[in-house]
Structure formats: structure tokens, C-alpha cells
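Chemist: Just dropping this structure here.
The values are calculated or read from the model by the stated rules, or taken from the named source; none is laboratory data. Note that the structure is predicted; figures quoted are calculated from it, not measured. Please note: Cβ atoms are built from the backbone with ideal geometry, for glycine as well, and neighbour counts cover all protein chains shown.
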Amino acid sequence: MLNKLTLNNLPISNTFMNIILMGYMGSGKSLIGQELSKALNLDFVDFDSFIEEREGVSINNIFETKGEIHFRKLESLYLKELLDTVSNSIVSLGGGTPCYGNNIQLIKSSNNAKSIYLNVGVSELSNRLLKDRSNRPLLKFIDSKNDMDEFVGKHLFERINFYNQADIIINANKKPKDVVEEIVLQLF
């Protein structure tokens, strides 16, 4: 098993790439990203927070006042900026980020990025998202497990082709420390 000392001694040079985490809402991108950034001693960038800082309002506010299409346009604009300016970082994307516009191509063509899809099954995603739906604009009106399963299953089916284009696919149905360990093993 890898430990903190081992992780901090991995061969990470000054030219190390960004690690881009993608996956559906609730797949653990932010949590895994934070843990991975600590383990590898790299900066952590939450892409939703990056957008909120640039816009001066919350993602929920953007969805409510200007709609999803406007948000997706902003997302593409800021993704390009982020990929051009951020280095040596763990980046946690929004669930839909790779699935709109030419975002997956931007990610794949970035010279200094390695993309990782955190794959979680529909039932587990539904369980996680039911607990946290008030913070997610697309989910706030879903109130039953069956409705959440149906929504997530349909949505994931629409997005899976984009997620599967990641450089690495990780089963994220495990404890965060185990997911981080598997990512590190795959990268190095």
C-alpha cells in the first residue's frame, strides 16, 4: 500500500502535467481531487469555483438567471482559459464540462494534461446525489430514488461516450483513499 511518504517521493518534475478529473455529478471529483492534490503536493482547482470567481456569482445563480445554455458557453470559455494558464494542478471539472461544445477535444489536445474518468454506477450515484440535490441545479426537483435512478441513468447514457475518452478510467465505487491510490498507480 502507498503511504504519504511514498506519494511525496514520486518522480514529479517541474514540467509535470495537470491531472483532469471528470465524471458524473457525485462521482467524487472534488473529494478525490483534494485528496490527490495533498498526496502529490500539487495545487487543486475546482472548475466550478474557478467559474464562480470569474463571474462573481454562483453556478446556481447563473443557471437560474441566464439558463443552462449560457452556463455551457461560459464553461467552454473558461475551460480554455484554465487549460492555457494552470499548471501542475489537479483539476476537478463539472459533470457536464467534457460533454458540451468542443470541451472534450480541448481536454484531449492539451499538451500538459492527463484526463481521468471517475466511473461510478447509477445506483451509487443516485444515493449520493439524493443527499446533495439542493446544491445541484439540475437535480433540485427530484425527490425519489426511482426518479433519481431514471434521471441519472438517462443522463449518464448521454454522457458516457465523452467520459470514456479519458486517458485513464478508474472505478470510483471505493473509499477515496483507495481511488487516490489507484490513480497514482495508473499515473506512475
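Chemist: Please name all residue pairs, on different chains or six or more residues apart, with Cβ atoms under 7 Å, provided the first residue is in region 161-183 and is surrounded by fewer than 17 Cβ atoms within 10 Å (Cβ to Cβ) and the second residue is modelled with pLDDT under 95 and of a type in the set (S, T, N, Q).
Modeler: Ile168/Gln186
Chemist: If Leu187 satisfies every condition in (1) touching a helix residue (DSSP H, G or I) at 6+ places or on another chain (Cβ under 6 Å); (2) modelled with pLDDT under 95; (3) surrounded by 14 or more Cβ atoms within 10 Å (Cβ to Cβ); (4) farther than 15 Å from Ser27 by Cα but one, which is the exception?
Modeler: Of everything listed in (1) touching a helix residue (DSSP H, G or I) at 6+ places or on another chain (Cβ under 6 Å); (2) modelled with pLDDT under 95; (3) surrounded by 14 or more Cβ atoms within 10 Å (Cβ to Cβ); (4) farther than 15 Å from Ser27 by Cα, Leu187 misses just condition (1).
Chemist: Taking only pairs six or more apart or across chains, which ones have beta-carbon atoms under 9 Å, a first residue in region 25-38 that is closer than 9 Å to Val91 by Cα, and a second residue that is aliphatic (A, V, I, L, M) and assigned to a loop (DSSP other than H, G, I, E, B)?
Modeler: Pairs found: Lys29/Leu93; Lys29/Ala172.
The rows are residues; the columns are (1) crowded, with 16+ Cβ neighbours inside 10 Å; (2) in contact with a Ser or Thr (Cβ under 8 Å, 6 or more places away or on another chain).
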| residue | (1), (2) |
| --- | --- |
| Gly33 | yes, yes |
| Lys38 | no, no |
| Asp46 | yes, yes |
| Ser58 | no, no |
| Ile62 | yes, no |
| Gly67 | no, no |
| Phe71 | yes, no |
| Glu75 | yes, yes |
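Chemist: Only one residue in Leu129, Leu139 is closer than 13 Å to Gly26 by Cβ, surrounded by 20 or more Cβ atoms within 10 Å (Cβ to Cβ) and in contact with an Asp or Glu (Cβ under 9 Å, 6 or more places away or on another chain), so which one is that?
Modeler: Result: Leu139 is the single residue among Leu129, Leu139 that is closer than 13 Å to Gly26 by Cβ, surrounded by 20 or more Cβ atoms within 10 Å (Cβ to Cβ) and in contact with an Asp or Glu (Cβ under 9 Å, 6 or more places away or on another chain).
Chemist: Does Ser76 satisfy the condition of being closer than 25 Å to Ile169 by Cβ, in contact with an Asp or Glu (Cβ under 6 Å, 6 or more places away or on another chain) and at pLDDT 95 or above?
Modeler: Here the answer is no, as Ser76 does not meet what is asked.
Chemist: Return the residue satisfying two criteria in turn: it lies in region 6-29 and is touching a Ser or Thr at 6+ places or on another chain (Cβ under 8 Å) and modelled with pLDDT of 95 or more, and of such residues it is farthest from Leu118 (Cα to Cα).
Modeler: Applying the filter and picking the extreme gives Ile19.
Chemist: Output the residues belonging to region 14-60 that are within 16 Å of Lys80 (Cα to Cα) and assigned to a loop (DSSP other than H, G, I, E, B).
Modeler: Result: Met17, single match.
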